[in-house]
Structures are given as C-alpha cells and as structure tokens.
Amino acid sequence: MISQVYLFVKTMIKTSRLVTIFEKPLHQAALVVAMMVVFSLVDLVMPHSNSLFEVNAGTWIVATAMMLCFVILNSIVALRIEPIIPYWSASVMFYLALLAFSYGWCFLLSGKHIDEVGSIRWLWFVLTMVYMVFFTIARSMKRIIDIANKQDEKLRGEQ
C-alpha cells in the first residue's frame with residue numbers, strides 16, 4: 001500500500017514542471033522571500049487590534065509562517081532528490097540565510113528585535129528543530145520504500 005502511494009506521488013511529481021523549477025533550494029528560498037515581502041507589506045496596511053499580539057508583531061508572525069512553508073516545501077522536494085548531500089547542505093545554508101533575511105526584514109519593518117515581540121525566538125528554535133526532523137523523516141521514508149521496492153522486485157524475480 002505504501003509503495004503504491006509512493007509510486008503515485010512519484011509519477012505526479014515527475015510530470016509536474018513546477019517541481020522541476022523548485023527543485024533547487026535557491027528557488028524555494030526565493031519564493032519564500034517573495035511571499036514574505038508581499039504578505040508582510042500587506043500586513044502593515046491592515047488594521048490590527050492590540051489585544052491578541054504585541055504591537056508590530058505581525059511581520060514576525062508572517063516571517064515565521066513563511067519559514068514554515070520553506071521547511072515543508074524543502075522536505076517534500078527532498079523525497080525526489082537523489083544525490084542528497086549537496087541538496088541538504090544547500091538547503092541548510094539557504095535556511096540560515098532565510099533566517100538572517102527574515103530577522104533583518106522584520107526589524108526593518110517593525111523596529112523591534114526578536115525578543116521584544118513575544119516568543120518568536122522560541123518559535124524559530126522549534127521551527128529549526130522541526131526542519132531537521134521533517135527532513136530526516138522524509139529521507140528515511142524514501143529509503144524504507146526503496147528497500148521495500150527492491151525486496152518486491154526480488155520476490156517477483158524481476159531483478
């Protein structure tokens with residue numbers, strides 16, 4: 001069952017031109033930066049009530065959400081990539097660059113440091129740990145499914 005789902009997802013991913021565009025971590029990070037800029041500028045224009053979050057915390061929340069998008073997109077694309085070491089190292093470097101850009105962009109728009117807007121620092125720490133776990137789970141799932149497919153081929157005598 002799992003191998004059938006994997007094959008279905010693999011064929012869906014192969015046919016999509018969008019996946020080939022976002023196969024590189026640079027393109028994923030560029031998409032996230034563009035969305036972060038657009039959504040944070042929209043957030044500045046929107047009216048806010050100060051009862052739920054700190055004043056000017058919206059840009060920090062948007063940046064955190066966009067970094068979560070990068071984590072999910074990067075982990076999903078990792079299922080398709082075969083030479084994983086170069087992809088992994090580039091992904092981590094772009095994630096760190098994304099953290100630095102997010103910090104600078106949010107400080108520029110809000111005028112507040114990360115410690116002044118609540119628990120965003122802890123959210124970023126947890127998000128970094130989640131990124132490592134997601135990536136490990138995605139690669140482990142792919143490895144297990146590849147082993148199961150090889151065993152299936154051996155049982156059928158196709159190898």
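The values are calculated or read from the model by the stated rules, or taken from the named source; none is laboratory data. From a predicted model like this one, the values you see are computed outputs, not experimental measurements. Ideal geometry is used to build each Cβ from the backbone, glycine not excepted, and the neighbour counts take in all protein chains shown.
Any chance the stretch 72-85 includes a residue that's among the small types (Gly, Ala, Ser), farther than 23 Å from ALA30 by Cβ and crowded, with 16+ Cβ neighbours inside 10 Å? So far as the stretch 72-85 goes, no, none of its residues is among the small types (Gly, Ala, Ser), farther than 23 Å from ALA30 by Cβ and crowded, with 16+ Cβ neighbours inside 10 Å. Just one residue in the set ILE114, ILE145 is touching a helix residue (DSSP H, G or I) at 6+ places or on another chain (Cβ under 6 Å), within 23 Å of ALA78 (Cα to Cα), at pLDDT below 90 and aliphatic (A, V, I, L, M); that residue is ILE145. Annotation note: of GLY104, GLY111, the sole residue that is exposed (fewer than 14 other Cβ atoms within 10 Å of the Cβ) and without any contact (Cβ under 8 Å) to a residue 40 or more places away in the chain is GLY104. If the requirement is being β-branched (Val, Ile, Thr) and at pLDDT 90 or above, which of these qualifies: VAL37, VAL55, VAL45? Answer to the selection: VAL37.
Checked against the criterion of being in contact with a Gly (Cβ under 9 Å, 6 or more places away or on another chain) and part of a helix (DSSP H, G or I), the candidates TRP105, TRP88, TRP60, TRP124 yield just one match: TRP60.
Checking the stated criteria, LEU73 turns out to be at negative phi and under 14 Å from the mean Cα position of the chain (by Cα). For LEU68, state whether it is in a helix (DSSP H, G or I) and over 23 Å from HIS27 (Cβ atoms). Answer is no for this residue.
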